[in-house]
């Protein structure tokens, strides 16, 4: 049986997202840099070569939530370097500007998770969830 396709593995606990192309049973190419740039990977601090921690995972959670809610990643560019630069320097467009049906609480939680400075992000996944689903 020939398996030709794409498997995306989303890492947890500080292990960044990785994408692996498979042809048959042989791994032929890893595209970790590209997926990390598109998803936020370890956040702006990783792009800058700074240490990452659990708050970097919150950034990646925010990028994933943004993509799920808006149907596109929070930043776009022609290549991984341009996308990484956008993660470091460009403000994120709030989800409610793309989808009016997004609650104010979810919008605020996603924008907070995508804060450039780790200390400005929710400090845990629980804090993100609590903010995202806070009563209006």
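Taken together, the values in this text are just the output of simple stated rules run on the coordinates, not laboratory data. Given the structure is predicted, the values throughout are model-derived calculations rather than measurements. Counting neighbours? That spans all protein chains shown, and the Cβs are built from the backbone with ideal geometry, glycine included.
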Worksheet item: Of the listed peptides 49-60, 91-102, what is their order by residue-averaged count of other C-beta atoms within 10 Å, with the highest listed first?
Response: 49-60, 91-102
Worksheet item: Using a simple spin-label model with points 7 Å from Cα along the Cα→Cβ vector, what separation in nm is obtained for residue 97 and residue 124?
Response: 3.2 nm
Worksheet, complete the sentence: Yeah, the range 95-136 with a ≥ b ≥ c from its alpha-carbon gyration tensor (a/c under 1.5 is rounded, else prolate when a/b outruns b/c, oblate otherwise) is oblate
Practice prompt. Over every pair of different alpha-carbon atoms in the range 33-132, take the mean of 1/r and invert it; report that Kirkwood radius in Å.
Written response: 13.1 Å
